[in-house]
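The values are calculated or read from the model by the stated rules, or taken from the named source; none is laboratory data. Remember, predicted model here, so these are calculated numbers, not experimental data. Here the Cβ positions follow ideal geometry from the backbone for every residue, glycine too, while neighbour counts run over all protein chains shown. Areas reflect the complete protein model, heavy atoms only, side chains present, ligands, DNA and RNA absent. Shrake-Rupley method; radii C 1.70, N 1.55, O 1.52, S 1.80 Å.
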Amino acid sequence: MYLHTVNATTALSTFDGSGGGTDQLASGWNTGGGIIPHGPLPLPPSATVLNYGQGLFEGLKAFRREDGKIVIFRPYKNAERCRSGCTRLLIPPVPDDVFVSAVKQCVRANAQYVPPYRQGALYLRPLVFGSGAKLGVSASDEFTLCVWCSPVGNYFGGGGKGGVEDVPPITLLASNVYRRSCEGGVGGTKFIGNYAAVFKCQSETKMKGFNEALFLDANTGRGIEEAGASNFFAVLEKGGKKTLVTPGLDKGTILPGVTRDTVIRVAREVLGITVEERRLSLDELGSCVEAFCCGTGASLTPVGEVVEEIGEGEEKKYKCWRGERKAGEITRRIYDVIQGIMWGDGEEEIEEKYGEWVEVVEPEE
Ligand code: PLP
């Protein structure tokens, strides 16, 4: 296995938050480093990522299509999110072309590990972090972009040749103790510390027999934000009309998932479904007829129940299905269109329209 690294040495003193300053910083990224065997990275103990957590990551996948071609799904969306996270963490924003080129080089070097068509994917993990030595509590002067990868199967059993109806619905526990994010914070970025901060909640959630935690907003403890490492969608039915609702991104507390964006666009543009991005209260789940979590790892995973912890040993259960306890019709239709676009075996007309979402990795560039 190989990983790809890119380094930036930049004087952060030039960062003034204005467009010009950001561009100046971004130009500090170079393509030095290149492909090296997967293994330990040299890092000073005083590196800002180790001491102050100055780092973020991304997650995306490469797929092998039926004709053997390897494609990456929407890498420019990850590049965009990475850039905005960098800005928040005072890391020089990685230019999109540097990000996508590094990801592609990593895929190319590891092409042999991309699983066969519809049997998994090569998960790609770009990391951007302060790699320079620093004693004072402040941002680094040196940064590294490193992309490592691993072949993966299908999360929660989905994404394979069968449809999402074969994926067993999961049960989410809405914690009344832990919060993931707050307004003005970093919940809207893939800041590395966001993940360690929820390990305890996730571990306790699993110990109690639930599949994942569902995080509520820090202000009211009623607004749904997102689940573990995935975004949350509910189909609400009122007066016979179904609406797909997902928590909005306006407060900056929710990660702008690439899959979330894909679901919204496919639902609206391909399937003509009404989609609302807005505050979604737990209390609204009384009219929920379908729900799912989505993310690069989880793809679309049906949610069977949301359980709210009320007090010590007291719970309230919201049932998120009608008829049979499995993925509902809207979930299935969205899932099938997305899978078709990813694997290149969907309807031709749709593929033509969304062809730009996939980036082909040519064997040589
Ligand atoms: N929310 C969180 C906290 C995540 O970590 C992730 C992905 O890793 C997502 C949502 C889903 O994002 P994406 O669809 O880009 O994978």
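By the gyration tensor of its Cα atoms, with a ≥ b ≥ c the square roots of the eigenvalues, what is the shape of the range 71-221: rounded for a/c under 1.5, prolate for a/b over b/c, or oblate?
oblate
Under a cut-off of 14 Å between alpha-carbon atoms, report the aspartates and glutamates in cross-link reach of Lys251, not counting same-chain residues fewer than 8 places apart.
Reachable aspartates and glutamates: Glu183, Asp217, Glu225, Glu226, Glu277.
Run the dipole for the chain about the Cα centre, Lys and Arg Cβ at +1, Asp and Glu Cβ at -1, nothing else charged, and hand back the magnitude in debye, nearest 20.
660
For Ile273, what residues show an amide H to amide H distance below 5 Å, using hydrogens built from the backbone and excluding near sequence neighbours?
Arg268
Report, in debye and to the nearest 20, how large the dipole of the range 298-357 comes out about its Cα centre when Lys and Arg carry +1 and Asp and Glu carry -1 on their Cβ.
Roughly 360 debye for the range 298-357.
Counting only C-alpha contacts under 8 Å and six or more residues apart, can you give the relative contact order of the chain as a whole percent?
18
Grab the other residues whose beta carbon is less than 12 angstrom from that of Glu305, score K and R as +1, D and E as -1, and report the net.
So the environment of Glu305 carries a net charge of +1.
Would you work out the charge dipole size for the range 164-346 about its Cα centre, treating the Cβ of every Lys and Arg as +1 and the Cβ of every Asp and Glu as -1, and quote it to the nearest 20 debye?
My answer is approximately 120 debye.
Assuming 0.36 nm per residue, please report the length gained on full extension of the stretch Lys241 to Lys69 beyond their Cα-Cα distance.
Once the chain is fully extended between Lys241 and Lys69, it gains 57.8 nm.
Where both residues lie in the range 164-346, what percent of DSSP beta bridges are antiparallel, nearest 5?
So the antiparallel bridges in the range 164-346 amount to around 70 percent.
With the other protein chains left in place, how much accessible area per residue, in square angstrom, belongs to the chain at a 1.4 angstrom probe?
Value for the chain: 43 Å² per residue.
To make sure I understand the rule: partners must be lysines, Cα under 25 Å from the Cα of Lys326, and not fewer than 8 residues away in the same chain. Which ones qualify?
Excluding near neighbours in sequence, the set is Lys161, Lys206, Lys208, Lys238, Lys241, Lys242, Lys316, Lys317.
Quick check: from the Cα gyration tensor, does the chain come out rounded (a/c under 1.5), prolate or oblate?
Here the chain falls in the oblate category.
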